[in-house]
1. Tally time: how many residues in the range 398-428 are closer than 30 Å to Val138 by Cβ and in a helix (DSSP H, G or I)?
2. Name the residue that is nearest to Ser113 (Cα to Cα), counting only residues in the range 123-142 that are among the hydroxyl-bearing types (Ser, Thr, Tyr) and crowded, with 20+ Cβ neighbours inside 10 Å.
3. Being at pLDDT 95 or above, outside the structural domain of Pro364 (by TED's automatic domain parsing), within 16 Å of ligand 2 (Cβ to nearest atom) and part of a helix (DSSP H, G or I) is the requirement here; does Ile271 meet it?
4. Can you list the helices (runs of 4 or more DSSP H) lying wholly within the range 761-843 that have 1 or more residues being in contact with a Pro (Cβ under 9 Å, 6 or more places away or on another chain) and more than 22 Å from Glu626 (Cβ to Cβ)?
5. Out of Lys649, Lys686, which single residue is surrounded by fewer than 18 Cβ atoms within 10 Å (Cβ to Cβ), touching a residue at least 12 places away in the same chain (Cβ under 8 Å), touching a Phe, Trp or Tyr at 6+ places or on another chain (Cβ under 7 Å) and over 18 Å from Ile758 (Cβ atoms)?
6. Restricting attention to the range 783-799, which residues are within 21 Å of Ser274 (Cβ to Cβ) and of a type in the set (A, V, I, L, M)?
7. For the condition within 16 Å of ligand 2 (Cβ to nearest atom), assigned to a loop (DSSP other than H, G, I, E, B) and among the aliphatic types (A, V, I, L, M), what is the one hit in Val365, Val389?
8. What do you reckon, is Val146 under 32 Å from the mean Cα position of the chain (by Cα), modelled with pLDDT of 95 or more and either in a loop (DSSP other than H, G, I, E, B) or buried (at least 23 other Cβ atoms within 10 Å of the Cβ) (or both)?
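The values are calculated or read from the model by the stated rules, or taken from the named source; none is laboratory data. Only a predicted model underlies this, so the values are computations on that prediction, with no experimental measurement involved. Note: ideal-geometry Cβ built from the backbone for every residue, glycine included; neighbour counts use all protein chains shown.
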Amino acid sequence: PQPIYLNDYRPPAYRVTHTELKFDLVSSATRVIARLHLERHPERQEGELPLVLDGEQLRLLHIAIDGQALEDDEYDVNESHLTVYRVPSTFVLDTEVEVDPEANTALEGLYLSNGMFCTQCEAEGFRRITFYPDRPDVMATFSTTVIGDKGSLPVLLSNGNPVEQGDLPNGKHFVTWDDPHPKPCYLFALVAGDLQKVEDHFTTMSGRDVTLQLWVEEENLSKTDHAMASLKRAMKWDEETYGREYDLDRFMIVAVNDFNMGAMENKGLNIFNSAAVLTHPQTATDATFQRVEGIVAHEYFHNWSGNRVTCRDWFQLSLKEGFTVFRDQCFSADTNSAPVKRIEDVSFFRTAQFAEDAGPTAHPVQPDHYIEIGNFYTLTIYEKGAEIVRMLRNLLGWEAFRQGSDLYFQRYDGQAVTIEDFVECMAEVSGLDLGQFMRWYFQAGTPEIDAIGEYDYAKGEYRLTLRQRTPPTPDQHEKLPLHIPVRMGLVGTKSGKDLSMTLEGESLGTDAVIHLRDEEQEFVFTDIAEAPVPSLLRGFSAPVKLRFPYGREDLAFLLQHDSDGFNRWDSGQRLALLALDDLIAAHRNGVEKVMDSRVTEAFRGLLTTDTDDKAVLAEMLTLPSEAYIAEQQPVVDVDAIHAARTFVKQALALALRDEFMAVYRANQSDAPYVPEPRQIAQRSLKNVALSYLMAIEDEEAVELARNQFEDGHNMTDVRTALTLLTHSSRGDIADPALKAFGEKWAHDPLVMDQWFSIQVTRPQSDALERVKFLMDHPAFSLTNPNKVRALIGAFAGQNRVNFHRADGEGYRLLADVVIELNKLNPEIAARIITPLTRWQRFDESRQALMKAELERIRAEELSSNVYEVIEKALA
Ligand code: B3K
Ligand code: ZN
């Protein structure tokens, strides 16, 4: 496989103005008849150019131009392209091909899921449906006729509006759909199956009625309320916040069981992984309810940021994904608890995206080359892209940012554009020079800021020095300084209040943004009457690592006094990390572990101070994850990290048992389940308390967990209880509970996913054997991505002590799965491999074991997806 370069971009030689498709759906031999209305691109008038169309795994049955069948010597077909040597400047191309949906386990193109036909075309799946210029800068209107068996496929859906339908001979029927909005073929969708719908309506801001439909298998009809409500909230929010109105008469969502990602924003016909849309209090946790709300909104928001204005080429993927993630994050923040949403997003980001940015697959938010675009649906493109858009919003302020967004949508409606076009709109409306800022898009790696501060009492000055450096990444050894907005305050140690800041004679107020542009900059704040502790990078104002030599007292002080909720939480995390550091060292050196009383006292303060923000309190009481602790270590020692973190949990639980118990009891409730912020906050606080109590496993705690499980009030509580029991030493209670749960929910694949994950994430040493055992369970299947993630992904990604077993058996198991999946579903294979690619972070013996497994995979005949990842990992 060869890389493709951004610099090689050229407009297509031919564009499609209108696409007519006809599908005759048969499981193993579907016929696709395509009529493409083509014309020479105005910017590509140089000499004669052959027509080259993409096409993979297609059997060509017929080809004609302007009604004239082509002779054998007039065209050529190979495994990836169809070439017609001579074509007129405007013409109609007819083709007929046969595809095999049943054999399609890659889940790209047209495939079968539970007897239902569905499609996934982004990024390059459409070329597995018909011959086409499969690139996002070719935008056409579509007219699609779907023909299928009336008995087994009563519902036939595609993009746009249904314009005709009727019966056909042999028990078949058809529906024709028209999509009037020009779109790239990656937004094409088709669904056919035995589906039921729930329907609702939305009146848009200009008074148009939109029919909303959620299509599911019959047994899932009771799980659609939340997604529908979320959709309506999202539609309203996008009108109010961005002035964006929906543009078709109907909006459809379909739930399918076999899906590589969360969901897909096909025009007017979103297709969702059932795990990202179905909810019920008895089967889904609070986290799932919130995730569903976020994903429904995300896909809906794409209707403008992605569909109406799309990407010129796939190097611009973050144009739509970064912006849309930012939009969905803000929507969720507005709908739920804003501080908690930020804490959750940042904690995930600093763990997972930082690791990606520091590993062998690090890439810029706008990559300049790739082998397989399917490998670039990454945390960097999505989440770091969203952080960059957030910085733009903060630099411009909301009003100007909104103007920039309006300008972008108006100027580029119906076009395929670049990240530069987007940023240029922001520069134009604000007059800001965003030249240096653009480096955020081009430079991979996480910038590190070293900060030091000095207070001069005599002069009343606080001198803050910031030094930035971005470590080299695989393809970029030299890095340039970035424009980094650092939001900050100076908290007076006497008053506990934010001090007014004056910088170079300019008064900044008590909370301000300073701009770091050079490698090193000094900021001298004057008229500072008392010694301050700086609160830096408030709200995580830039996606960087910031080091400041805080003492533990400073952190305990900020934890109490910082006016920025995010930094209050982060001070707690930093304080815990310092304590964990000592304990990790103690564990390694075999000396007795001693708990830092400052952490205990900070926690006591949190538990005994009245607060109405229970959601934030639950976050403050949550220790940094093993993965985040590992991120801070030069060489990751999974066992020492696990031991240290467990020790802290137990020490806190022992010292504060009564306080945790009181919090648990005060937040118990049998009110009917509602997924609203207050209830969610209460449940998370209660369950955090229970997790501490279960860390010491005293009889009362075990009894509480058992009752919470048996009570079965809602899945959030049941799952927490079952997890805590399964991860404890009380097999006598956990095993029967697991058995009962597995039997009760055997019919529900989404609950069985949770049942798998709970078991394979247990820290006990039998976890790997459980994984192997469960892989033979009738509910498990290697061809279903949700099952692979629930069992293999959860084990390799979350069960750090067992995946990194010293004997290498965890690595071997993952490599075995990757080798199988490489043949079945390359996109999933290339994702699931991630933990093995991070071998540089571990000790020599583990490094050798991990590399040996990567080499073993490399010896196989590899898909381009797995090939690209393996080559980078072993480079
Ligand atoms: N745009 C889709 C991604 C699908 C890509 C699969 N290879 C989901 C989303 O970001 O909304
Ligand atoms: Zn998206």
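1. Going residue by residue through the range 398-428, those that are closer than 30 Å to Val138 by Cβ are 404-428.
Imposing the further condition that a residue be in a helix (DSSP H, G or I) reduces the set to 404-412, 419-428.
Count: 19.
2. Looking only at the range 123-142, we keep the residues that are among the hydroxyl-bearing types (Ser, Thr, Tyr), and these are 130, 132, 141.
Among the residues that remain, those that are also crowded, with 20+ Cβ neighbours inside 10 Å are: 130, 132.
Values: Thr130: 20, Tyr132: 25 Å.
Result: Thr130.
3. Details: at pLDDT 95 or above: yes; outside the structural domain of Pro364 (by TED's automatic domain parsing): yes; within 16 Å of ligand 2 (Cβ to nearest atom): yes; part of a helix (DSSP H, G or I): no.
Criteria not met by Ile271.
4. Details: elements: 767-775, 785-788, 794-798, 800-803, 809-824, 826-832, 834-837.
Per the criteria, 785-788, 826-832.
5. Details: Lys686 fails: surrounded by fewer than 18 Cβ atoms within 10 Å (Cβ to Cβ).
From the options Lys649, Lys686, the qualifying one is Lys649.
6. Val788, Ala790, Leu791, Ile792, Ala794
7. Values: Val389 fails: assigned to a loop (DSSP other than H, G, I, E, B).
Going through Val365, Val389 in turn, just one is within 16 Å of ligand 2 (Cβ to nearest atom), assigned to a loop (DSSP other than H, G, I, E, B) and among the aliphatic types (A, V, I, L, M): Val365.
8. Numbers: under 32 Å from the mean Cα position of the chain (by Cα): no; modelled with pLDDT of 95 or more: yes; either in a loop (DSSP other than H, G, I, E, B) or buried (at least 23 other Cβ atoms within 10 Å of the Cβ) (or both): yes.
Taking the combined requirement at face value, the residue does not satisfy it.
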